[in-house]
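See below for the structure under consideration.
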Amino acid sequence: MHQIGRITMSFRDQSDAADFAGLDLPGRLVAARRILAAAALAAAGGVALGGLDPLVAVAGFALVTAAAALPGRRRLGPAAILRPPAPNGRLQNGRARDERVQDDRLGHLVAALPEPAMLVDRRARVLAANSRVEVAIGPARIGEPLTLTLRVPEVLEAVRAVAGGAAARRVEFQARIPVDRWYEAHVAPVRFSAEEAAAPGLPDVVLVLLRDLTQQRRLEQMRADFVANASHELRTPLASLSGFIETIQGPARNDTAARERFLVIMAEQAKRMSRLIDDLLSLSRIELNLHIRPDTRVDLVHVLREVMDALAPLALDRGIELRLAEQAAALPVQGDRDELIRVFENLVENALKYGGSERGVDVVCAEAAREDGSREAVVSVIDYGPGIAPEHLPRLTERFYRVDVPRSREQGGTGLGLAIVKHIVNRHRGRLSIASEAGKGTIFAVRMGLAQVLPESEKIDRSMS
């Protein structure tokens, strides 16, 4: 009988056992695999092999393979040396090579994890870390105390507790450098022996796994803001309508001039609520179909001409010159015509309302090459107004987010226009970029892949041209 890891091997005579005992660890594993593989084949024919029950051999083959990947430990140190116990306490000839192999396996194991992860010994020294740790919290100091890598008291305390035999713990913390990010640290004990894992005691190592909660927290905040803002946006005109109705029914009942003035205001408030509800419904419809890409061929040049014609009266009323620069004869894309019209109407209307100046507003459509060699349509809406401060740019496409709330409401905005634009562009598998500089203006650019060339019989949608 001979034991490797937790697998007991049977041999026909002392000679075979002596040959097996003389092998180093890699040699034993190779021999064990060959024996058990042969036993597995013999099991299929119901034949016993060398005194080893073939059914037991088949079941044990997976355990030997697992033992090769993560053998039981002899001791733990900064290098995380892991191996099965040597027979009679003797170290094998291949000890140095085994240590290097186990170090590599430990590093590969951590590197394969999809989240930032570190292995820490019982003295809170970092044994291994994957590259995602550096992206999340900075470079890990291998062989050094964890405090040099992660300076979060709650996490460090959890590591000390788990290393001392406590159960796994979860700790949420916020990292403020370079920008605010939220993480959940899962601190868990790791034992390489099945017997140790089944019984309470000190772990071999401690796993520190970081899960990025930033997007989840931002979505929760956006959801809370959406409910609060939607309620506020509806409550304000409703309160105004209710107040004017009470006034008309009471003190202004016989005041014709006041009644007419109040009715005009009430009509505006009703329109405001109608626009808000329409935008909310539009946004819901777009989100519902976000995974379905439109399949109609649409010419963006003709879409832009229609948008320019529709907004010409607004530009004239505000004394702003609206210009269209067509740098391509046609820009066929795969899309929904009505949704694309809405995208560019929103962008151009915003430029006229908030960025209009004596220099006018330019709309430029062109064709450009992508890095992969394909072609794309690029439509830029350029204004030369006051620009947008950098801190506002990342949030411009959030629901109800406004740079200047009073001015937006004065212009009849609902705070949903750019959110609708972003979702439509995403549905069309396009990209929306925003660039702005204080005092110089803003550029909203939409990029969409050009539609594939089709036979002449399949005409581009130009029904509105």
Handout entry: Rg and Dmax [Cα atoms of the stretch 298-398; Å; Rg one decimal, Dmax integer]
Key = 14.4, 44
Practice task
Just rank LEU450, LEU316, fewest to most, by other beta-carbon atoms within 10 angstrom.
Solution key: LEU316, LEU450
Practice task
State the Cα centre-to-centre distance between the stretch 335-397 and the stretch 226-278 in whole Å.
Solution key: 34 Å
Exercise for the section: Starting at the first residue of the stretch 235-252, write each ³J(HN,Hα) from the Karplus equation 6.51 cos²θ - 1.76 cosθ + 1.60 with θ = phi - 60°, in whole Hz, x for Gly and Pro. Expected result: 5, 4, x, 5, 5, 5, 4, 4, x, 5, 4, 4, 5, 5, 6, x, x, 9
Exercise for the section: Please work out the FRET efficiency for the pair ILE434 and GLU115, using the Cβ-Cβ distance as r and a Förster radius of 30 Å; give the result to the nearest 0.05. Expected result: 0.45
Problem - Within the stretch 200-226: backbone nitrogen closer than 19 Å to the ALA167 label point (7 Å, Cα to C-beta) - result: 200-204, 206-209
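Taken together, the values in this text are just the output of simple stated rules run on the coordinates, not laboratory data. The structure displayed is predicted, hence computed values, not measured ones. Cβ: placed from backbone, ideal geometry, glycine included. Neighbour counts: every protein chain shown.
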